[in-house]
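Okay, structure first, notes after.
What follows is calculated from the coordinates using simple rules that are stated; it is not laboratory data. Given the structure is predicted, the values throughout are model-derived calculations rather than measurements. Here Cβ is always computed from backbone atoms with ideal geometry, including for glycine, and neighbour counts include all displayed protein chains.
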Ligand SMILES: CC(C)(COP(=O)(O)OP(=O)(O)OC[C@H]1O[C@@H](n2cnc3c(N)ncnc32)[C@H](O)[C@@H]1OP(=O)(O)O)[C@@H](O)C(=O)NCCC(=O)NCCS
């Protein structure tokens, strides 16, 4: 039996991107409690406890089982004992062949190109493996690390949704980013 495309493992130059299971709860909790995750995302609390992380991971895994999400942990190939250093989710809207990205890197591993490498591999898989037509993402307007990352991988900033989200009792603007399967891929050979 072949592996469903939502559960395949991807290999990059420095990492293995592995579908996540409940055994990965400790890594998941460590990453989601990393500084800056609450600030950069919508639904991750300031200080998630283990129960919150477990419930979140279980919900994501149910969505993976229904083929509504591709969700991986990134492990360093030359330091497997270090555990996962990043995670990435791609929520899939099958009716429109569209995926929506979310990602975070453990603070100790930021600024070394890991998110760039992880997104590049997943976007390629989204188009060529999952057969998606469009991949999109939202960033807060102040999140330069994430905006530069998306631009580097080949996303276009398509607009700004003003006061689109209510977060921590404040309405905040979000930038809308998108990439089509037919768009130029800066990383393609
Ligand atoms: C946004 C986030 C995922 C970026 O992760 P990251 O791993 O630091 O990103 P990268 O390392 O790929 O890119 C960051 C910098 O490292 C540089 N870099 C260093 N070594 C590199 C390499 N070998 N290859 C590519 N880039 C490299 C990049 O050029 C980039 O610099 P620049 O953006 O100033 O040009 C991370 O800051 C994070 O987890 N933030 C908290 C959660 C969050 O905000 N998520 C996004 C929600 S929209």
Residue 81 without any contact (Cβ under 8 Å) to a residue 12 or more places away in the chain and part of a helix (DSSP H, G or I): yes
Criterion (over 18 Å from residue 176 (Cα atoms), touching a strand residue (DSSP E or B) at 6+ places or on another chain (Cβ under 8 Å), more than 8 Å from the ligand (Cβ to nearest atom) and part of a helix (DSSP H, G or I)) met by exactly one of 56, 63: 63
The lone exception for residue 91 - which of (1) under 23 Å from residue 39 (Cβ atoms); (2) crowded, with 17+ Cβ neighbours inside 10 Å it fails: (2)
Condition met for residue 111 (within 13 Å of the ligand (Cβ to nearest atom), assigned to a loop (DSSP other than H, G, I, E, B) and out of contact with any strand residue (DSSP E or B) (no Cβ under 7 Å at 6 or more places or on another chain)): yes
Residue satisfying all of: in the stretch 98-108; farther than 17 Å from residue 175 by Cβ, in contact with a helix residue (DSSP H, G or I) (Cβ under 9 Å, 6 or more places away or on another chain) and not in a loop (DSSP other than H, G, I, E, B); farthest from the ligand (Cβ to nearest atom) among these: 99
Flag if residue 173 is more than 25 Å from residue 19 (Cβ to Cβ), part of a strand (DSSP E or B) and either within 9 Å of the ligand (Cβ to nearest atom) or touching a residue at least 24 places away in the same chain (Cβ under 8 Å) (or both): yes
The listed residue being part of a helix (DSSP H, G or I), within 7 Å of the ligand (Cβ to nearest atom) and in contact (Cβ under 8 Å) with a residue 24 or more places away in the chain, out of 121, 145: 145
Members of the stretch 73-89 found to be away from the ligand (no atom under 13 Å from the Cβ) and touching a helix residue (DSSP H, G or I) at 6+ places or on another chain (Cβ under 7 Å), listed by number: 73, 83
